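Here's the structure, in structure tokens; my notes come after.
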Amino acid sequence: AAHSPSGFAADAHARCSFFFFGGLSIPVSQAILAHTFSYNMTWGATKKEVERSNFCKEVAKIFKRFWFSWLVSWVIVFAIIILSTPLVPLAWRIDGSGWAVIFPLAVVVGCHILFPVRTAQFSPSPSR
């Protein structure tokens, strides 16, 4: 069966949307907590003007913007790894039979790590 270009684009968009929506839980939780404790928080909007930039500047912006969610995600990744080794007592160990615990957590963590890829995909690029 032949695939149409629009079908391919829709499929790629659906796959990227999976990471976008999967990575929203930390930012939404931050917003709810900010509202609960009356912390003044503003949402950023997409810039409509084009500015010149380069790879290094954009990587620095991404690290500055997503440091908290990456920190939490990598701590959870290392916790999953440590808790699956003999370094912890047997009662605390998560072995291969605990895949129903590991898989959903790993998917959410993976979505949070890849969240900047989706948000950077549609950022404006400088025109020449």
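The values are calculated or read from the model by the stated rules, or taken from the named source; none is laboratory data. Not measured: the values here are computed from a predicted model. Methodologically, a virtual Cβ is constructed for each residue, glycine included, from the backbone with ideal geometry; neighbour enumeration extends over all protein chains shown. What goes into the accessible areas is simple: the full protein's heavy atoms, side chains included, and nothing from ligands, DNA or RNA. Shrake-Rupley method; radii C 1.70, N 1.55, O 1.52, S 1.80 Å.
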Could you check how many residues of the range 61-111 are in contact with a Pro (Cβ under 7 Å, 6 or more places away or on another chain) and among the aliphatic types (A, V, I, L, M)?
-> 1
Residues (open to solvent by 80 Å² or more (accessible area, probe 1.4 Å) and either touching a residue at least 12 places away in the same chain (Cβ under 8 Å) or part of a loop (DSSP other than H, G, I, E, B) (or both)) located in the range 67-88 | 68, 74, 86, 87
Could you tell me whether any residue of the range 119-126 is modelled with pLDDT under 80, open to solvent by 90 Å² or more (accessible area, probe 1.4 Å) and part of a helix (DSSP H, G or I)?
-> yes
